[in-house]
Amino acid sequence: MCGIVGFLSLEGKSPISDSFLESARDTMAHRGPDDAGLQVFSVGSSRIGLGHRRLSILDLSPLGHQPMSTDDGRLLIVFNGEIFNYRELRRILEDEGGYRFRSTSDTEVILYSIRHWGLEPSLKRFRGMYAFALYDCNEGKLTLVRDPLGVKPLYFYEHDKLFCFASEIKALLEMPLIHKRLNKRALYHYLTFANAPVPETFFEAIHKLEAGTYLAIDAKGKKGHVRYWDPARFSASSGSVHDERECIDKIRSLLRQAVSRRMVSDVPFGVFLSGGVDSSLNVALMAEQMDRPVETFSVGILGDPSNEFNYARQVARHFNANHHEIMIGDDDFISFLPRMAYLQDEPMADPVCVPLYYVSKLARESGTIVIQVGEGSDEIFAGYEMYNSFRTWTDGSYRYYSALPGFVKEIIYSIGQGLLDPAMSDALRRASLSEPLFMGNAIAFWDIEKRHLLKNPLKEDTSSGLISGIYRKFANGDTLWKMINLELKNRLPELLLMRVDKMSMGASIETRVPFLDEDLVEYALTIPSELKQKNGHNKYILKKAAEGIIPDDIIYRKKWGFCGSATNMMTDKIVNYAREKILESPLTAEVFNRAYISQIFEKHIKQKRFNSFKIWNLLNLTLWHEQWFQTADRQPS
């Protein structure tokens, strides 16, 4: 796991000197504490710079140093991530192409795969998580690639004939010509989704590359943005009809393959264990293949009724794991928040970021550098009750309501605005516009609420309109399939996976996501919805597949989120801290209606469930603004 950074200037000279690029690279030292590389050179009229920070996982020798090139010097790469099936690909390349490798790294396999098969055929063969920049000296072309599910981030900036990229925004901000300006469109959508939807970031002119796509810039500055993988290509209607037994056997086989692939490492590895189905399966399937105890790590919050230590300990005992725990409290939360804002680069309103960092730090301190996590399972196998509720409403009453004449819906909406809560009122508004009911599994502020929250809400755009545009790309598939696809386009890659990447990398460890193995995801998308939600069970088919592998009382216990939820984590002390920070922030004075925010805090006293997430959303935003626009020293201790 690493941090990459670089530029392409098509003017023959560059405003970015070697020292600027080195400084940008070293803002990401936490992503790669083991090694650093830099290469700046000219090809024709172009100037290219490539920088790399390395966390050594595969081939710990100097032969894994980056930037790396093919033996003829034509292709150069800086790479962040892992290709888990690289040994298999290496054998094929040796047999088919007669290639001889200098290192035992997966980076070199990427280079020769692309040289042998070409870019897109190679991407179809890769099984892993990755973001990389490839420069072809013969063609003068720079290509930026992000993995299919968006496990790894990649940001870019372009102006005139200058293109810059990096694993983190903070690296781009070190470069000349790139200035910090708040992107108010990103802020508007963040208030709803808790993240800035791709390609937006919170900084104007800086964008993120979408998952499953690559961006190519040739020697003349011509750009091509290509989608090479799309979850919408896989649906129950496009595959064979699966019966339950067939699904169970296939899921078990693919899960074992996914976990096995992610055990490829030259450093110690383990599992984040909550005691839920997903993390317990990771432990069980890893234990099957090991002759030593699995290293497991858990985090709990003082006074939290959702503490899962007992379940995690039960699983650890069952599989004879070497178990580690850490407990954190309010003071740990509050002391970490400034550094959280620095590591995030842009707000990601999920309080899970805090316990994630501390459990990552625990793993690092134990000497365990690689960790398997359970992200993605609830999305591809429909593990949330919210999915079931929205599926029922969308296919039932919402469908009939949406079919009413427009003038009838307008009358109902105008009457209901003052009588219903914001969520229902916004649902009526969307129904009157024939917009989808489901917008994501975690919504902070609905468009209707933002009319009151913001001094100057966007008039030409709405968050529900953005979601409608995504839904229009899903031509086929039932309601649940469309909701899952929406999550794979926004919440999963840009919030859930980014919180894991930024917090784990902040502690200099690598996290791997077996449930997002491409083979498993592609198969899961073809499983009929009736096998994902059945007999009152969410994630039905995965739970059936888990039977006999992990204990039944773990499979069928009540579901909790990781460390509970914003409601559980937002203690009185943290809420009081948030009140002071938010209400006194210059950003609040500039952008928000202070009186409306005060009402949220007052309502929180009696309705914590509905307001905790809103408060965390605003606090995360406030801390980000303070870190990047108000603080001279940008890196907190």
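The table below lists the values:
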read-out	value
Residue tally, condition buried (at least 17 other Cβ atoms within 10 Å of the Cβ) and assigned to a helix (DSSP H, G or I), over segment 173-184	1
Per-region count, segment 379-411, residues part of a loop (DSSP other than H, G, I, E, B), surrounded by fewer than 17 Cβ atoms within 10 Å (Cβ to Cβ) and within 33 Å of the chain's Cα centre (by Cα)	1
Every residue from segment 467-481 that is assigned to a helix (DSSP H, G or I) and either in contact (Cβ under 8 Å) with a residue 24 or more places away in the chain or surrounded by 21 or more Cβ atoms within 10 Å (Cβ to Cβ) (or both)	Ile467, Ser468, Tyr471, Thr479, Leu480, Trp481
Residue within segment 425-441 that is part of a loop (DSSP other than H, G, I, E, B) and at pLDDT below 90 present	yes
Extreme residue, modelled with the lowest pLDDT, among residues of segment 1-46 that are among the polar types (S, T, N, Q) and under 22 Å from Ile217 (Cα atoms)	Ser14
Tally, over segment 115-127, of residues that are over 16 Å from Met68 (Cβ atoms) and of a type in the set (Gly, Ala, Ser)	1
Tabulated pairs, segment 447-466, first closer than 20 Å to Gln417 by Cα, second of a type in the set (Lys, Arg) and at pLDDT below 95, C-beta under 6 angstrom, 6+ apart or interchain	Pro457/Arg451; Ser464/Arg430
Residue in segment 219-235 that is of a type in the set (Ser, Thr, Tyr) and without any contact (Cβ under 8 Å) to a residue 60 or more places away in the chain present	no
Wholly enclosed helices (runs of 4 or more DSSP H) of segment 485-551 bearing at least 2 residues touching a strand residue (DSSP E or B) at 6+ places or on another chain (Cβ under 9 Å), touching a residue at least 12 places away in the same chain (Cβ under 8 Å) and more than 21 Å from Leu285 (Cβ to Cβ)	497-506
Candidates Leu520, Leu516, Leu542, Leu525, filtered to the one that is in contact with a Pro (Cβ under 7 Å, 6 or more places away or on another chain), crowded, with 18+ Cβ neighbours inside 10 Å and of a type outside the set (Phe, Trp, Tyr)	Leu525
Residue ranges of helices (runs of 4 or more DSSP H) in segment 581-627 with at least 3 members surrounded by 22 or more Cβ atoms within 10 Å (Cβ to Cβ) and not polar (S, T, N, Q)	608-625
Scope segment 1-15; condition in contact with a helix residue (DSSP H, G or I) (Cβ under 8 Å, 6 or more places away or on another chain) and either of a type in the set (A, V, I, L, M) or more than 13 Å from Leu50 (Cβ to Cβ) (or both); matching residues	Met1, Val5
Every residue from segment 20-46 that is surrounded by fewer than 17 Cβ atoms within 10 Å (Cβ to Cβ) and charged (D, E, K, R)	Glu22, Asp34, Asp35
Failed condition for Lys559, given (1) among the basic types (Lys, Arg); (2) at pLDDT below 90; (3) over 23 Å from the mean Cα position of the chain (by Cα)	(3)
Breaking point among (1) closer than 21 Å to Ala442 by Cβ; (2) modelled with pLDDT under 95, for Leu621	(2)
So Arg451, is it under 19 Å from Thr394 (Cβ atoms), modelled with pLDDT under 95 and surrounded by fewer than 22 Cβ atoms within 10 Å (Cβ to Cβ)	no
Check on Tyr135, in contact (Cβ under 8 Å) with a residue 24 or more places away in the chain, of a type in the set (Ser, Thr, Tyr) and touching an Asp or Glu at 6+ places or on another chain (Cβ under 9 Å)	no
Those residues of segment 584-630 which are in contact (Cβ under 8 Å) with a residue 60 or more places away in the chain and β-branched (Val, Ile, Thr), in sequence order	Val591, Ile597
Members of segment 208-228 that are within 19 Å of the chain's Cα centre (by Cα) and surrounded by fewer than 19 Cβ atoms within 10 Å (Cβ to Cβ)	Arg227, Tyr228
Any hit, segment 476-484, residues being over 30 Å from Ser598 (Cβ atoms) and under 18 Å from the mean Cα position of the chain (by Cα)	yes
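The values are calculated or read from the model by the stated rules, or taken from the named source; none is laboratory data. Predicted model, so just to flag it, every value in this text is computed and none were measured. As a convention, Cβ positions derive from the backbone with ideal geometry for all residues, glycine included, and neighbour counts pool all protein chains shown.
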